[in-house]
1. Could you tell me which of rounded, prolate or oblate describes the stretch 58-193, using a ≥ b ≥ c as the square roots of the eigenvalues of the alpha-carbon gyration tensor, with rounded for a/c under 1.5 and, failing that, prolate when a/b is larger than b/c and oblate otherwise?
2. Once you have the Cα-Cα distance between residue 229 and residue 16, take 0.36 nm times their residue separation minus that, and quote the gain in nm to one decimal.
3. Counting other beta carbons within 10 Å of each Cβ, put 39, 282, 313, 263 in order, fewest first.
4. Could you tell me the calculated FRET efficiency between residue 294 and residue 243, based on Cβ-Cβ distance and R0 = 35 angstrom, to the nearest 0.05?
5. For the chain, modelled as a GNM with alpha-carbon contacts under 10 angstrom, which of 126, 89, 276 fluctuates the most?
6. Just report the Cα centroid separation between the stretch 37-77 and the stretch 164-237, whole Å.
7. If neighbour count is taken as other Cβ atoms inside 10 Å, put 284, 22 in order from fewest to most.
8. At q = 0.11, 0.12, 0.15 Å⁻¹, what is the log10 ratio I(q)/I(0) for the chain, with the Debye formula run over Cα points and no solvent?
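Values quoted throughout were computed directly from the atomic coordinates according to the rules given, and no laboratory measurement underlies them. From a predicted model like this one, the values you see are computed outputs, not experimental measurements. A quick note on method: Cβ atoms are made from the backbone with ideal geometry, for glycine too, and the neighbour counts reach across all protein chains shown.
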Ligand code: SF4
Ligand code: SF4
Ligand code: SF4
């Protein structure tokens, strides 16, 4: 991004928090080893502060690290990350008072995969990528080329309802309004339109490529069970061999476990090395929860977790 003001403000605030002893750790992003990537930076060392970056490639959901860190943490949070933090607070997994949330009003994260396809270039051939309002400027061999942002942002970002963190202590830029694009539902709608047997065949094909690496589970901030059901042996819920049927069951159960806590951050889909369109499941579940219970995960830390309470008006007689 050409505008470095958010990054500068972050470095200033994070440095002050460490020097003043207000936090034990800063959790943010630094440049990754590959072009147009970032990697999480977790540090106690003030000398690392100048490595912090904010750019359109801050893909991870850093809330993932909160449960592993002891002490007070200053954490960089985009809108969706802040919702995951709120969800963890609601589940009593993290204590709000132990956090300083450095909120980033977010303009969306660029999918390199989409961009490379649209520009018909490998990222190695691209010199620079910058974001300007609703356009993404790609510099190839010294020539600028404009691409519509709606074509190259991740689908989860095109559906983002809360780009400005709902929960923060320090806001690092001007609040941003949501600009939702129907492109975000393209894949979900395509699947919904298929007859059931074709939809089944679609997932058979997709989950045949799953190696059960668990990158999806491990990148998800709210997939936090100490022992995941897939690793239980008594009883053994699913076989450990990655056959497509078990892989699919793994994702179906994972989705049910995350209902009412998934914020559609998209981190699981981005982490999948097999490019399996996991968001077609997670977003569908997100919409079902919203339709049935008018509940959007991580938007109000004062609310009880969805699955921990009921209302007399809830659908389904079994609860009364
Ligand atoms: S979902 Fe929203 S807050 Fe999260 S990365 Fe995308 S635009 Fe930013
Ligand atoms: S990240 Fe992809 S390949 Fe790995 S377990 Fe999840 S769905 Fe399977
Ligand atoms: S299931 Fe995926 S989209 Fe939902 S919160 Fe976890 S990482 Fe984010």
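1. Values: a/c = 2.24, a/b = 1.72, b/c = 1.30.
Prolate is the answer for the stretch 58-193, as a/c is 1.5 or above and a/b outweighs b/c.
2. On the way: separation 213, 0.36 × 213 = 76.68 nm, distance 4.24 nm.
72.4 nm is the gain from fully extending residue 229 to residue 16.
3. Values: 39 14, 282 27, 313 6, 263 31.
By the 10 Å Cβ count, ascending: 313, 39, 282, 263.
4. For residue 294 and residue 243, the calculated efficiency is 0.40.
5. 126
6. So the two Cα centres are separated by 22 Å.
7. Numbers: 284 16, 22 12.
Going from sparsest to densest Cβ surroundings: 22, 284.
8. Debye curve over Cα of the chain, log10 I(q)/I(0) at q = 0.11, 0.12, 0.15 Å⁻¹: -0.74, -0.88, -1.35.
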